[in-house]
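Below is one structure, written out as structure tokens, with a few remarks after it.
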Amino acid sequence: MISVVVPAYNEEENITACLESLNRQTLHRTGYEIIVVDGNSKDRTRELAAPLADTVFVQTSKRVGGARNDGAMRAKGEIVAFTDADCVIPPDWLERIRDDFARHHPDLLYGAVYPKEPGFKHRIALGMANTFAWIGYHTRTLYYSLGCNTVVDRAAFIRAGMYRSMDAGEDIEIALRMKRLGKVLFDPKLRVGFSMRRYQQFGTLRTLYQWLYIVAYGGETSRYSYSRKEYEK
């Protein structure tokens, strides 16, 4: 059993496409469950998610990392896969996750991203991000494990302390902690469709600069104005 955890907050425009893509996986539907953890949305997110997910509930922990933790604690599977409500998931995503765990037995697995939206600049931006992830992994300097495409062994994840409550960078920080306890694996063929909406709204360079600034200061936004979707709590 694989448990897929999807944090969501006011995602009525995106949640249906995300969950429909998860319901079209090549892995048989009995082999996985879908859990939507809602940040007390003010729109129809929970209503739209209910018929497409196995479990939908309102988070109790803080921030998006806390939403992922809440989902992992409800999970029935020994493997927990995290993605975002504005992502679109290729049909072979869960089958590749199953095969990677069967062959390599990682404690944390992560993959690459491609842009949902058309445009050469988007492909360049995420191509650079994927190259950065590949270099970081093979040099063992940084594990660019984005929360939209990260998978964990549930027992190892809980043993490591799960995600920390941070404004940014919690998805990279958890990989560094889990590497100390076990095995981290990067699969560049494990890909998800990533929304470029914040890049479009604020610009690629500004978004990357703000994100790196926050990561450098331990995930705190108080030193810099960072426009990231807010989760209740």
Inset, instruction - Can you confirm whether the range 115-138 contains a residue that is modelled with pLDDT of 95 or more and closer than 24 Å to V64 by Cβ? - result: no
Inset, instruction - Return yes or no: is G111 surrounded by fewer than 14 Cβ atoms within 10 Å (Cβ to Cβ), closer than 30 Å to K76 by Cβ, within 18 Å of the chain's Cα centre (by Cα) and modelled with pLDDT of 80 or more? - result: no
Inset, instruction - Just one of (1) crowded, with 19+ Cβ neighbours inside 10 Å; (2) assigned to a loop (DSSP other than H, G, I, E, B) trips up K76, so point out which. - result: (1)
Inset, instruction - Taking the options V4, V56, name whichever one is buried (at least 23 other Cβ atoms within 10 Å of the Cβ) and of a type outside the set (K, R). - result: V4
Inset, instruction - Kindly list the number of the only condition in (1) under 17 Å from the mean Cα position of the chain (by Cα); (2) modelled with pLDDT of 95 or more; (3) among the hydrophobic types (A, V, I, L, M, F, W, C); (4) under 25 Å from I174 (Cα atoms) that fails for A17. - result: (4)
Inset, instruction - Look at S61 and say whether it is touching a helix residue (DSSP H, G or I) at 6+ places or on another chain (Cβ under 7 Å) and not β-branched (V, I, T). - result: yes
Legend entry - Looking only at the range 79-92, and only at residues there that are within 14 Å of V113 (Cα to Cα) and of a type in the set (A, V, I, L, M), the one that is surrounded by the fewest Cβ atoms within 10 Å (Cβ to Cβ): V88
Inset, instruction - Restrict the check to the range 217-229 and report whether at least one residue is under 17 Å from the mean Cα position of the chain (by Cα), modelled with pLDDT of 60 or more and farther than 22 Å from R74 by Cβ. - result: no
Legend entry - Checking I124 against (1) under 20 Å from V36 (Cβ atoms); (2) of a type in the set (A, V, I, L, M); (3) part of a helix (DSSP H, G or I), the condition it does not meet: (1)
Inset, instruction - Collect the residues in the range 151-192 that are buried (at least 20 other Cβ atoms within 10 Å of the Cβ) and under 16 Å from Y114 (Cβ atoms), keeping them in residue-number order. - result: F186, L190, V192
Inset, instruction - Considering every residue within the range 105-120, establish whether at least one is in a helix (DSSP H, G or I) and not polar (S, T, N, Q). - result: yes
Inset, instruction - Only one of these is over 16 Å from the mean Cα position of the chain (by Cα), charged (D, E, K, R), modelled with pLDDT of 95 or more and crowded, with 16+ Cβ neighbours inside 10 Å: R68, R46. Name it. - result: R46
Inset, instruction - Examine the range 146-166 for a residue that is within 16 Å of the chain's Cα centre (by Cα) and farther than 22 Å from M73 by Cβ, and state whether such a residue exists. - result: no
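The values are calculated or read from the model by the stated rules, or taken from the named source; none is laboratory data. Owing to the predicted nature of the structure, the values given are computational and were not obtained by experimental measurement. Here the Cβ is made from the backbone with ideal geometry for all residues, glycine too, and neighbour counts use every protein chain on show.
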